[in-house]
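Reviewing the structure listed below.
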Amino acid sequence: MRAGASRYGAELRVFASLAESFPGVQWKELADYMIGRVVVHGERRAREMEEVAETLRSIDIEPIMAEAIVKRMDWSVEAGLKERFGGRAPKNYKEVIDALAQMSAAAD
């Protein structure tokens, strides 16, 4: 399994497009950081986003994005990424993509 743009080798094009739309942001570095944080803190963040979803429901707002975030965070926890990286953040997003591909190949 490979995620999104990586599956098609399009990461650099996606980063370039984002840079055009939102100049000044270092998108690859942000992806490295954010994906690494999900690996390490996904479980806690999923529970926090469940609370966000509940808060939104309580004010009659459908928590579409909050629920999607919970689903993705839980998926990363269930995939065992934190354990795979020894509880530490990977060096970059590519390490996570490669680990997912290896895990998928091993499951086949």
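General observations
- Potential lengthening between Val25 and Trp75 on full extension [0.36 nm per residue; Cα-Cα distance subtracted]: 15.3 nm
- Approximate spin-label separation Ile64-His41, in nm, with each point projected 7 Å along Cα-to-Cβ: 2.7 nm
- Size of electric dipole in the chain: Cβ of Lys, Arg +1 and of Asp, Glu -1, about Cα centre, debye, nearest 20: 440 debye
- Mean separation of Cα pairs under 8 Å and 6 or more residues apart, divided by the residue count, gives segment 8-108 a relative contact order of 32 percent.
- With all protein chains kept in place, the per residue accessible area of the chain amounts to 69 square angstrom at a probe of 1.4 angstrom.
- Listed residues Ile35, Ile61, Ile69, most fluctuating in the chain (Gaussian network, C-alpha, under 10 Å): Ile61
- Computed over the chain with a Gaussian network model linking Cα atoms closer than 10 Å, the most mobile of Gly24, Gly42, Gly86 is Gly24.
- Cut-off 20 Å, label 7 Å out along Cα→Cβ of Arg7, residues of segment 53-92 by amide N: 68-81
- All lysines inside 16 Å of Lys28 as judged from Cα atoms, apart from same-chain residues fewer than 8 positions distant: Lys91, Lys94
The values are calculated or read from the model by the stated rules, or taken from the named source; none is laboratory data. Quick caveat, the model's predicted, so the values are computed rather than measured. Virtual Cβ from ideal backbone geometry, glycine too; neighbours counted across all protein chains shown. The accessibility values were calculated without ligands, DNA or RNA, using every heavy atom of the protein model including side chains. Shrake-Rupley method; radii C 1.70, N 1.55, O 1.52, S 1.80 Å.
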